[in-house]
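Presented below is the structure to which this report refers.
Where a number appears in this text, it was derived from the coordinates with a stated rule and is not lab data. Just so it is clear, the model here is predicted, and its values are computed rather than measured. Note: ideal-geometry Cβ built from the backbone for every residue, glycine included; neighbour counts use all protein chains shown.
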Amino acid sequence: MTGYRFNTVPELRVGLGAAAQIGELCVQLGVRRLMVVTDPGLVDVGLVEPVRAGAASQCEHVTVFSAVTADPSESVVLEALSELEADRSDGVVGLGGGSSMDVAKAIAVLATSKQKLPDLYGVDKVAGSRLPLILIPTTAGTGSEVTPVAVITTGKTTKAGISSPVLLPDIAVIDAELTLGLPSHVTAMTGIDAMVHAIEAYTSFIKKNPLSDMLARQALTLLTANQRRVLSHPKDLRAREAMLLGAALAGQAFANAPVAAVHALAYPLGGHYHMPHGLSNALMLPAVMRFNAAAAEAHYLELAALLPDDVGADVEGFVSWFELLIADAGLPTSLSAAAVPKEDLPMLAADAMQQQRLLVNNPVEVDESAALALYSAAWEGTR
Ligand SMILES: NC(=O)c1ccc[n+]([C@@H]2O[C@H](COP(=O)([O-])OP(=O)(O)OC[C@H]3O[C@@H](n4cnc5c(N)ncnc54)[C@H](O)[C@@H]3O)[C@@H](O)[C@H]2O)c1
Ligand SMILES: [Fe+2]
């Protein structure tokens, strides 16, 4: 068949204060006993209580599971699932970054399924349905609130993805007030992650399509125009809203035109050194774009025209713009500066070959020797 398939969430609720209206959303979905899945940091900064109270105004029972850890492991998913079963919850809210939302997605499926967690890994392996699911992002990054994917850490250094349209929530809530207190390093890294989603969706080799293109372009416009502003003026609600919407649009884009070599090479860095997802993407982005330049030049130049500054009409100007953005945000600009041992690079290149699901989307083929060359270039950096 020629043509393409485009899936997204049935409902987006966008607005300041939208998260506190959660009770209304529970009524809409017929949820009586709700579990809110989140992490301890969000409890500490006071973002969870208004959502809990909003839900409690309409639900018979609300439980908060706040033990999600960054890059959540299978044991965190199973712990959340057993609490959900003990509480007989009939609906799930994921409140937080990608880590909390991904745990919420996984348990919403497992709660109604005979399948075990490892049975779900891969593409379209989910056999049944799921509990009603609402996702509320508090980082402007992963776009998990609109993607059919949950990423779980399966071993000491490995991650696996569950990819199925069943994971798309019933409702995604885009409320920028939740992101006002985002620490600057998290703002910087997650913002870059969202930009990488837009760039990789726009150059996605197999499933690039006009709807994803439109979303990626608007996402990159919003994200690049506002990233510096949210770092210098963290309380600028208009800029925060643009970043959160940009991340969601980028998520809708890459949900249908999947990400490629930047993410494939970033995953081993996350696995081996517990590097945050956005940082590992930032470290690989310049090297991969230079590697892709010959094949993706036209697409990169179309995106370059959307940047808030004139970067000229060559790919190098486009790549350098992102390098400067990453450096100005105070993030490390090379794998050496991020303390990755040089002797580990061959092992990382071998590991990256496990990510064929992503590598097939890259506009230029990446074999193990190309992966090693990319890690070497990223280790040196250019700044
Ligand atoms: N499902 C997908 O489509 C998808 C896509 C990309 C990445 N991921 C996964 O998402 C995870 C990363 O998610 P992330 O980058 O959003 O980070 P995260 O969820 O791990 O959160 C990072 C930290 O930021 C804090 N935080 C979040 N929001 C905050 C706020 N508003 N105020 C104060 N602190 C806040 C959290 O407490 C946490 O300590 C990884 O596991 C990655 O593999 C999933
Ligand atoms: Fe990502």
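Here are some notes:
- For the chain, the 222 nm mean residue ellipticity estimated from helices alone, with every DSSP H stretch of n ≥ 4 adding -39500 (n - 2.57) and the total spread over all residues, rounds to -16000 deg cm²/dmol.
- Ranked 52, 238, 13, criterion: other C-beta atoms within 10 Å, fewest first: 238, 13, 52
- Rounded FRET efficiency, nearest 0.05, which uses the C-beta distance separating residue 380 from residue 49 and R0 of 45 Å: 0.45
- Calculated FRET efficiency for the pair residue 373/residue 316, C-beta based, R₀ 22 Å, to 0.05: 0.75
- Sequence of 336, 144, 369 once ranked by neighbouring C-beta atoms within 10 Å, starting from the fewest: 369, 336, 144
- Length available on full extension from residue 67 to residue 88: 0.36 nm per residue minus the Cα-Cα distance, which gives 5.7 nm.
- Cross-link table 105/207; 105/208; 114/207; 105/159; 105/235; 156/207, entries beyond 22 Å C-alpha to C-alpha: 105/207; 105/208; 114/207; 105/235; 156/207
- Net charge of neighbours whose Cβ lies under 10 Å from the Cβ of residue 4, counting Lys and Arg as +1 and Asp and Glu as -1: +3
- Separation in nanometres of the label points that stand 7 Å from Cα toward Cβ, at residue 339 and residue 74: 2.9 nm
- When +1 charges are put on Lys and Arg Cβ atoms and -1 charges on Asp and Glu Cβ atoms, the dipole computed for the chain relative to its Cα centre reaches about 560 debye.
- Classification of the chain by its C-alpha gyration tensor yields a prolate form. The axis ratio a/c (a ≥ b ≥ c) is 1.5 or more, and a/b outweighs b/c.
- At R0 = 22 Å, FRET efficiency that the Cβ-Cβ distance of residue 302 and residue 364 yields, to 0.05: 0.80
- In a fully extended conformation the segment linking residue 33 and residue 6 would gain 6.5 nm over its present Cα-Cα distance, using 0.36 nm per residue.
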